[in-house]
Every structure is written in structure tokens, then in C-alpha cells.
């Protein structure tokens, strides 16, 4: 049996048409048509029987409720519930929100005791609603209770209107509201969905919620909205819309390379993060990571090891007037502020070493000796922090779209052995692959461009431009690292590449770092547990520089 007024003049009048109001079942009086009262005016909600109504009783009352509702006799429908005033308001909001034209119910069946409402009998039914934009069908149910005086009532809650509808939520039909679909976050090509890349799913979701989208065309259908009218869930689509788009700086091709690079077999599934930048403008081209501790490419805050020697060398050039040919004796060990420092295995002592030679082989003692002698004065060891902040732009960056990043740290007030350890990226010094990629970009681009993931996003500036002389010195030294130094096993055959490796001690293991640039991009990679920078991060960086 199907309850409804399709094709009758009654439906036309009740829902805004014209005709004569002629209700067959005398619903205004609350009669079911058989002389039996079907309203709940005698129901006492404070005295509910623990014995559910019989299936026949529950079905009969539910049918009367649905019959009234289908005819839009809302006072009659609400009078059969245990909260008539609340029900009446909700039924009106249902009709108004959906721009309801016709409502029918069929397959009305008793389903036994309710598992949700104690002492109630469940009645199920199917709903077909003609609403703005089309026809919507769904399965629903009500619970019927009995008070101790024998009166029945439909137990009212929001889910009577639609299963699972929450308090404060309502239904709407027609143009789907903002929030029910969401923006599509794409690569710089304007097409590739960032959520298709495993490393960027969270990034894309964050940007989609926070960034301003453009274009798009809303679809039509039925949706759940919250109290403010924002979309919560789309329930039915009549016409598919086109999502608004947020275009990012990500290079889809390079992002694919990065996703594969962090899973390189040489890394043996160690947690890995990498970032690639366009060094000309700071645009983030790729972000990829593995591991279970979140995005270590943007937030893997670790001691950067010898990659920090780029900033140390820059400070020695800018603040102490040194050059790449300045003396930097490389000894097997060195004590500074009562702390003993060693070189990494394989670094040979060279008493006649220059700063460039020490940089090429990554001699720790050379940089500690020169850094401690030239950059620490009367216990003030803030020179490295000053260089990092004012020339390399270290600080609190916003890359755009609400995407979280972790700030690097080179404290200005370090004490004791940390005053020496900072010059080789140990002690209290921490950085991320994002920051180290920016350090390489500053060198290659001869100036700081703060990394961003949204074109047009505000970029912080560095208070002081890197001197052309300093940039030239660093480019020459980083080229030496790539061609004949610690990065040569991975990068020597690549044209125009400059690099710096790093191996940082952390607890009972080491982390491998490598940052580099070529004529197009700058890259940094971190491998937690990597035995050395070149034999871990080196594989990641090479693949990004070669596009493989």
C-alpha cells in the first residue's frame, strides 16, 4: 500500500497548488477512519510502559502518523508523537528546507522491539519525496511507545525525519551548500589532484579547508546542513557540480618522483623525508615522506649535522672576513669548552687544510676550530643564529593553506660544549628538510625566497641579502663536494650540482642528510637511521635531481 495524495486536489492545496481541501480520512479530528483514536493526546511521557506495543498497534499508529505527514497535515501528524510542539516545528522545517512537492510512504512494516528506544516497537517504511531538483528515496523507521494508561505515541527525535540526523541539523534540497563537497586541491598544472599522492593527502585536506578556492559550479541534490547552513553531508546528487579549485605550487611530475624516491630500496624502509623547491621563487615543488611519525619532510625536526656547515661557512665569510682559501687545520680530534669532538670515520687529518678543503671532506674539527675562534666572543656565541635568521631567513614561516611546519632552531644563547657543537649542526641545533632545502636555494639563487605552497602567498624576507661574494664562495665549495667530496659517489656525474652531506648523531643511531641544487631546483632529504648522508639521503636527492 502507498500512502499519499499524488494526483489529488488535496495535495495541490496542501503543498501550494489550488483545489478543494477534502481529506478522506477525517485527519483533522485525529481519526484513523475506523472510529479508533490515533492521536497521542492521552499519552503520558513520564509514565511509559516497559512492555512495547504489539506490532499491529504500532503499525496502525505509525500509519496514521505517516498518512497525516504525507498530506502535510502537520498538526495531525505531530499530535501522534510524544512531543507534539517539537515535532510540528521539525516537520515544517523538513517541508520548507526540501521545498517539498509530494511525499509518499510504502512498505510499512512492524519490525519488533526497538534496539534503540527501550519499551518501544520499531516500524520501518520507505520514503519517496519529490523535492527541489528531483526525487529522493530512502528507508526510515519510527519507534512507537505506550504509556501506562494504554495510549500510544510515536517517539520523536531528529532521526524520524532522516536516519542519523543530529540535533541542530536539518535537510536542504536544491543547490548543494558550501561544505558538502569541498574544494579540489591541485598541482601547478591545474589538473592533478594532490590527494592522489600518499604524502600529500593530509596537506591537500588542510589546504582544501583553509585556502580560498576559485571557479567551480555547485551541484544540486539533498544535503544535511548544520545550524549555520554549512554543508555536513551530501545525501543525494541530482546534478553533479564542478568543485572549486585551489591551485598549488606542487609539480605533479616531480612529486611522483619524490614519492618513489623516499621508498628507494637502498633505504631499507627507514623513515625518510624530502622537499624540493624552485630556488628562483621559493615555490615548493615536492614533499614526500615515509614513517609513522607524521610528515618528517616538513616537521622532522632533527640535528642537521654537517649540512649546517653551509651556514657556518657563510658566517665565517660575512663576519670574520675569511675566504675558501683561509686556513682550517683538520685534526683527528679537538677539545672546545671541555668537550671532545671527533671527525667522522674516513676523514683524514690535514694540518694544512683550507676552509674549502675542510668543507669538501666535511672535517668537523676544522669548522669547530674556526667557528669557535672567529664567531664566539667573550662567551657570546650568537653569530651563527644571526647569520641563519638575517641571511638565510630562519624563523616562523607560513607556507600557506594552514599547512603546519616546524621551525628550525639555532639558539642565540648556547653555552658550554654546545657553543662549539652548533657549528657542525649538533648540540641544540635542529632543522627540517624544508629548511635545509631553503638553505641550498638561498645559496644557488643568491638570495632568500621563503618557501610557499600557494602561488601568491606572502613570503617573509631576510633582513640582509646574502652577499654576492659569499654566495659565490659557497657555490664553488658545494660544487666541490658534489664532484670530488663527500657527495661525489651519488652526484659527481651530474652537471651544475652543488651539495653538502651531513651525518648527525641521535641517541644510539645516526641520521643521514644531504642538501643539493642544480640549475632548476634545490633539494634536501633526511633518512632517520641513515649510516651517512651520501649512502642514505644521497639516493633520494639523486633521483629528484635526475627526475628518476
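The values are calculated or read from the model by the stated rules, or taken from the named source; none is laboratory data. This structure is a prediction, so every number in the text was calculated from the model and none was measured. Cβ coordinates were reconstructed from backbone atoms using ideal geometry, including for glycine residues, and neighbour counts include every protein chain displayed.
Could you go through segment 513-524 and let me know if any residue there is in a helix (DSSP H, G or I), at negative phi, surrounded by fewer than 24 Cβ atoms within 10 Å (Cβ to Cβ) and in the same structural domain as residue 314 (by TED's automatic domain parsing). Checking segment 513-524: not a single residue is in a helix (DSSP H, G or I), at negative phi, surrounded by fewer than 24 Cβ atoms within 10 Å (Cβ to Cβ) and in the same structural domain as residue 314 (by TED's automatic domain parsing).
Pairs meeting the criteria (first residue in segment 34-59 and more than 13 Å from residue 148 (Cβ to Cβ), second residue modelled with pLDDT under 90 and buried (at least 16 other Cβ atoms within 10 Å of the Cβ), beta carbons under 8 Å, at least 6 apart or on different chains) are 37/30; 37/31; 38/30; 38/31; 38/32; 39/30; 41/30.
Condition (residue is part of a strand (DSSP E or B) and in contact with a strand residue (DSSP E or B) (Cβ under 8 Å, 6 or more places away or on another chain)) applied to segment 194-207: is it met by at least one residue? Within segment 194-207 (the criterion being part of a strand (DSSP E or B) and in contact with a strand residue (DSSP E or B) (Cβ under 8 Å, 6 or more places away or on another chain)), the answer is no, since none of the residues qualifies.
Can you say whether residue 67 is at pLDDT 95 or above, more than 15 Å from residue 156 (Cα to Cα) and crowded, with 19+ Cβ neighbours inside 10 Å, as far as the supplied structure shows? Let's see the steps before the verdict.
Working: at pLDDT 95 or above: yes; more than 15 Å from residue 156 (Cα to Cα): yes; crowded, with 19+ Cβ neighbours inside 10 Å: yes.
Yes, satisfied.
Considering segment 185-226 alone, what residues qualify as being surrounded by 21 or more Cβ atoms within 10 Å (Cβ to Cβ) and on the phi > 0 side of the Ramachandran plot? Across segment 185-226, the qualifying residue is only 221.
Given the structure, is residue 499 in contact with a strand residue (DSSP E or B) (Cβ under 8 Å, 6 or more places away or on another chain), modelled with pLDDT of 95 or more and buried (at least 22 other Cβ atoms within 10 Å of the Cβ)? Considered against the rule, which asks whether it is in contact with a strand residue (DSSP E or B) (Cβ under 8 Å, 6 or more places away or on another chain), modelled with pLDDT of 95 or more and buried (at least 22 other Cβ atoms within 10 Å of the Cβ), residue 499 comes out as yes. Among the residues of segment 428-442, just one is part of a loop (DSSP other than H, G, I, E, B) and closer than 28 Å to residue 212 by Cβ, namely 432. Across segment 443-453, a minimum of one residue is classified as part of a loop (DSSP other than H, G, I, E, B) and over 30 Å from residue 212 (Cβ atoms).
Give segment 385-427 a look and list any residue that's assigned to a helix (DSSP H, G or I) and within 25 Å of residue 512 (Cα to Cα), or say none. Don't jump to the end; show me each part of the working.
Step one: of segment 385-427, the residues assigned to a helix (DSSP H, G or I) are 385-390, 418-424.
Within segment 385-427, 385, 387, 388, 389, 418, 419, 420, 421, 422, 423, 424 meet the criteria.
Looking at 266, 373, just one residue is without any contact (Cβ under 8 Å) to a residue 40 or more places away in the chain, assigned by TED's automatic domain parsing to the domain that holds residue 418 and either part of a helix (DSSP H, G or I) or within 28 Å of residue 450 (Cβ to Cβ) (or both), and that residue is 373.
Pairing each residue of segment 89-105 that is at positive phi with any residue that is part of a loop (DSSP other than H, G, I, E, B), provided the two are 6+ apart or on different chains, yields C-beta distances under 7 Å for 99/132. If you go through segment 109-142 and pick out every residue that is in a strand (DSSP E or B) and out of contact with any helix residue (DSSP H, G or I) (no Cβ under 6 Å at 6 or more places or on another chain), you end up with 21.
Based on what the data block shows, is residue 388 assigned by TED's automatic domain parsing to the domain that holds residue 307, touching a helix residue (DSSP H, G or I) at 6+ places or on another chain (Cβ under 8 Å) and either within 21 Å of residue 320 (Cα to Cα) or buried (at least 21 other Cβ atoms within 10 Å of the Cβ) (or both)? Give the derivation first.
Working: assigned by TED's automatic domain parsing to the domain that holds residue 307: yes; touching a helix residue (DSSP H, G or I) at 6+ places or on another chain (Cβ under 8 Å): yes; either within 21 Å of residue 320 (Cα to Cα) or buried (at least 21 other Cβ atoms within 10 Å of the Cβ) (or both): yes.
So residue 388 passes the test.
Taking the stated definitions as given, is residue 332 in contact (Cβ under 8 Å) with a residue 24 or more places away in the chain and either in contact with a helix residue (DSSP H, G or I) (Cβ under 7 Å, 6 or more places away or on another chain) or assigned by TED's automatic domain parsing to the domain that holds residue 97 (or both)?
In short, no.
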